[in-house]
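The values are calculated or read from the model by the stated rules, or taken from the named source; none is laboratory data. Bear in mind the structure is a predicted one, so any value in this text is a computation, not a measurement. In this analysis, Cβ positions are derived from the backbone assuming ideal geometry, glycine residues included, and neighbour counts consider all displayed protein chains.
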Amino acid sequence: MLNVTKGLLVEYAVSLPPTVLVFDFNPRTMKRTRTVKVKTGTAPGTRGGYDFTLPTETPRVAQGVSVDPESFSFTILLDATDRMNSDEATAKLFGIQPELDTLRTMLEPKSQGPGGVQMLASLGLGGARAFQRNETPSVLLFVWGTHILPIFLTSVTVDEQAWLPSLAPYRAEVTLAVQVIESHNPFFVAEKVRQVVGAALNTSRTIGIPLGGLL
């Protein structure tokens with residue numbers, strides 16, 4: 001039997017209760033992408049970077065190089081079969097429609113309503129006019145094992161596979177694409193610390209230096 005871990009998407013906003021999607025997270029693959037843009041100088045003879053000899057020259061060598069934020073995509077399974085067999089009323093009536101509605105809500109722009117609470121911009125309960133609503137996308141936290149990553153949800157593709165007699169879906173594969181928010185925020189800073197520790201563990205294992213000498 002597969003060991004299935006729960007994953008979470010949590011909207012980071014003033015909302016009571018917060019918008020949350022819980023899902024079984026055991027993807028076959030996860031595609032993680034980070035790209036680097038390299039713009040070389042125009043000095044004669046330079047191709048792919050400036051000339052250098054010493055490590056102290058690397059800042060000059062890397063002029064014009066920029067690193068894009070990490071993005072990744074994966075597919076999750078939403079299935080209400082077990083909950084339907086357990087006689088859960090919501091699952092028997094609506095299948096996974098509430099979960100799909102949650103994803104749609106996370107994708108739609110928000111505006112700030114009374115008391116600072118964020119709500120769907122399409123409800124028109126922010127400013128009196130459209131240009132006063134200050135519509136913004138949702139900031140989400142992707143909780144995955146030891147990772148808590150701040151993200152923007154950039155794409156949702158739903159493949160519905162089974163339906164109730166009411167035509168509400170009760171099984172679907174959902175492919176999510178996200179971009180990590182790599183700013184000075186507590187979640188990304190904690191992820192960078194975790195990454196440095198992981199790299200130190202790898203260095204210790206590779207060249208045999210005691211871990212205490214690296215950290």
## Note on the structure
Expected single match for surrounded by fewer than 16 Cβ atoms within 10 Å (Cβ to Cβ) and not charged (D, E, K, R) among Pro137, Pro150, Pro169 is Pro137
### Query
Looking only at residues in region 133-165 that are assigned to a loop (DSSP other than H, G, I, E, B) and touching a residue at least 24 places away in the same chain (Cβ under 8 Å), which one is farthest from Phe72 (Cα to Cα)?
Leu164
### Query
Do we find that Ser155 is over 17 Å from the mean Cα position of the chain (by Cα), assigned by TED's automatic domain parsing to the domain that holds Asp79 and surrounded by fewer than 13 Cβ atoms within 10 Å (Cβ to Cβ) in this structure?
no
### Task
Test Gly48 against the stated conditions and say whether it is small (Gly, Ala, Ser), more than 20 Å from Ile181 (Cα to Cα) and free of Cβ contacts under 8 Å to residues at least 12 places away in the same chain.
yes
### Summary
Of Val189, Val197, the only residue that is more than 18 Å from the chain's Cα centre (by Cα) and not in a strand (DSSP E or B) is Val197
#### Entry: Hits in region 55-97 (condition: assigned by TED's automatic domain parsing to the domain that holds Asp159, part of a helix (DSSP H, G or I) and loosely packed, with under 15 Cβ neighbours inside 10 Å)
Thr81, Asp82, Asn85, Ala89, Thr90, Leu93
### Message
I want to confirm something. Restricting to region 45-54 and keeping residues that are closer than 26 Å to Thr33 by Cα and loosely packed, with under 10 Cβ neighbours inside 10 Å, which single residue is nearest to the chain's Cα centre (by Cα)?
### Response
Gly48
### Task
Would you tally the residues in region 203-215 being modelled with pLDDT of 80 or more and surrounded by fewer than 10 Cβ atoms within 10 Å (Cβ to Cβ)?
2
